[in-house]
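> Starting off with a structure, shown below.
The values are calculated or read from the model by the stated rules, or taken from the named source; none is laboratory data. What you see is a predicted model, and the numbers here were worked out from it, not measured in a lab. Glycine also receives a Cβ, built like all others from the backbone with ideal geometry; neighbour counts cover every protein chain displayed. Just the protein is used for accessible areas: all its heavy atoms, side chains included, with ligands, DNA and RNA removed. Shrake-Rupley method; radii C 1.70, N 1.55, O 1.52, S 1.80 Å.
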Amino acid sequence: NQLLQSQGTRVYLKVRYDKKISQIFGHLWSTKDGKPVLTLLPHLKDYLCSKAPLPDSSGYIQVFLDGGLNQQRMGICDAVAVAKILNATLVIPYLEVNPVWKDASSFEDIFDVDHFMNVLKDDISIVKELPDEYTWSTREYYASAIRSTRVKNAPLHASANWYLEHVAPVLESYGIAAISPFSHRLAFNNMPAEIQRLRCKVNFEALTFVSHVRILGDLLVNRLRFPAVESDDAAGTDYLKQVVDTKGIKNAGKFVTLHLRFDKDMAAHSACDFGGGKAEKRALARYRKTIWRGRVYGGEARISALRKLFPQIEDKKSLASAVERAQISGKASLSAAVDYYVSLHSDIFVSASPGNMHNAMIELENTILLNEQHAILSCG
């Protein structure tokens, strides 16, 4: 039996292959490394991969995404899904400046926008900027007064029908709708399968980091798998220098990524007791009145106990020189992007809390396991 299911720009095939089928349909098969491989006839691939043209757009959708990088990533997936539900044109999402991280990096600073648009070109219409007639629709415009084109009452985990009932009329009346706040404003349950598949396509195919993030991520992974002697950068900071020639090394080393998520703001608002007595309680009370910028609560003193148990602990500063880290220096979202990239390539991922980073890694693992069970035809 053969089951074909079209999913976005890929076709997944589950097939039964035996000697009899090989004799009848031998022209469809070839072998590679002694294993059967299905090869589709050109006209069949053209048929399976053909795409109907996108219908006329109902208007422009803008979203303003807050939170950290992984929360914004989830919001981007939801934004594409909402644009599909409404048959609308998506404006490249606006990333809010996080009050804790103070990073003003835009979508284009973090993700490969051209790749994003190209992967999704057959699913929805996407524009980098609004046309001249809508250039007034900005973050500042909506912050200054109540506007008819702003949708600010989207409930958490709203259904597809909610958007059709409440946002579609705004598009029909004004040709544009700006949804803010938008984080977690689209449900996961009771959603059409087409929308769920599109979310996955956005997360695992369309959202690719810019090249310098991938380059630095590969460098860190290389130095973790092939550690060598330490070197000094111009500032005198020690860092691990990777082995350039790995031909003589039979087995790459393995490494674990640990996502601590123990920043001062998180510790202060957790209402937890970390064993520091009255002094700690007073310090956390002060922290709750101040916005901190992602520094580990307790500083190196907290990490030192962990280092005694696991002396081979590394971070970006110990793995790369200041020059190599220059493009992400002072930019928390880009730094988080590198963390995400390295975590994807690790052998084991450990998270101190079940937050957005933890969820992102679990989703990726589930997707990899699913794809390994299917033969995949790329229609790219």
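> Return the residues of the range 140-174 that are hydroxyl-bearing (S, T, Y), in a loop (DSSP other than H, G, I, E, B) and either open to solvent by 50 Å² or more (accessible area, probe 1.4 Å) or touching a Ser or Thr at 6+ places or on another chain (Cβ under 6 Å) (or both); say none if nothing qualifies.
The answer is S148, S159.
> So, of the residues in the range 117-139 that are more than 27 Å from the chain's Cα centre (by Cα) and not hydrophobic (A, V, I, L, M, F, W, C), which turns out to be surrounded by the most Cβ atoms within 10 Å (Cβ to Cβ)?
So the first thing to find is which residues in the range 117-139 are more than 27 Å from the chain's Cα centre (by Cα), and the list is 131-136.
Next cut, not hydrophobic (A, V, I, L, M, F, W, C) only: 131-135.
Details: P131: 11, D132: 7, E133: 9, Y134: 18, T135: 10.
Of everything passing the filter in the range 117-139, Y134 is surrounded by the most Cβ atoms within 10 Å (Cβ to Cβ).
> Also, I was wondering about something else. For the range 86-116: of the residues being open to solvent by 30 Å² or more (accessible area, probe 1.4 Å), in contact (Cβ under 8 Å) with a residue 12 or more places away in the chain and part of a helix (DSSP H, G or I), which is nearest to I179 (Cα to Cα)?
E108
> Whether any residue in the range 353-360 is under 25 Å from Q72 (Cα atoms), at pLDDT 70 or above and part of a helix (DSSP H, G or I) is what I want to check. Step through it out loud before you land on a result.
Here is the first cut: in the range 353-360, the ones under 25 Å from Q72 (Cα atoms) are 353-360.
Then keep just the ones that are at pLDDT 70 or above; that gives none.
Checked against the condition, which is being under 25 Å from Q72 (Cα atoms), at pLDDT 70 or above and part of a helix (DSSP H, G or I), the range 353-360 yields no hits at all.
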